[in-house]
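The values are calculated or read from the model by the stated rules, or taken from the named source; none is laboratory data. If you're wondering where the values come from, they're calculated on a predicted model, not measured in any experiment. Neighbour counts are summed over all protein chains in view; Cβ atoms, including those assigned to glycine, are modelled from backbone coordinates with ideal geometry. When the accessible area is computed, the model is the full protein with side chains, heavy atoms only, and any ligands, DNA or RNA have been set aside. Shrake-Rupley method; radii C 1.70, N 1.55, O 1.52, S 1.80 Å.
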Amino acid sequence: METLNNNREFRLQQAKEKVEKLKGFYTHFTIYLIFVPIFISINYFGGSNFPWAVFPIIGWGFGVFGHASETFGWNPFFGKNWEERKMKEFMDSDTSINL
């Protein structure tokens, strides 16, 4: 019975952490969506002939993309499968792991 309660508490803690990550991402994404038209408006109505607004929009967009990939567990380079393969490789090898 004690193990069942510990498992339930562990799963509850994981669910809370996932919800916090989602809230953080959605907040970040919402602020980004609010500021994109603000940047464009300032650029357009500010009299600048150079489209400088694309730089913060693209730069911040990379940040939002990175945040999304972390939140939703997507990483094209070092995904979950890669981590599991490497851990198995290191555990199966006879040599010690030198980091």
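For the stretch 1-97, the solvent-accessible area with a 1.4 angstrom probe is 85 square angstrom per residue. Remark: the stretch 1-97 carries a charge dipole of roughly 340 debye about the Cα centre, counting +1 on each Lys and Arg Cβ and -1 on each Asp and Glu Cβ.
P(r) tail, the chain: Cα-Cα pairs separated by more than 24 Å, 55% of all pairs. The portion of the accessible surface of the chain made up by carbon and sulfur, rounded to a whole percent, is 65 (1.4 Å probe; DNA, RNA and ligands excluded). Of the chymotrypsin sites (Phe, Trp or Tyr not before Pro) in the stretch 1-75, the ones in a loop by DSSP (not H, G, I, E or B) with at most 15 other beta carbons within 10 Å are 52, 72, 74.
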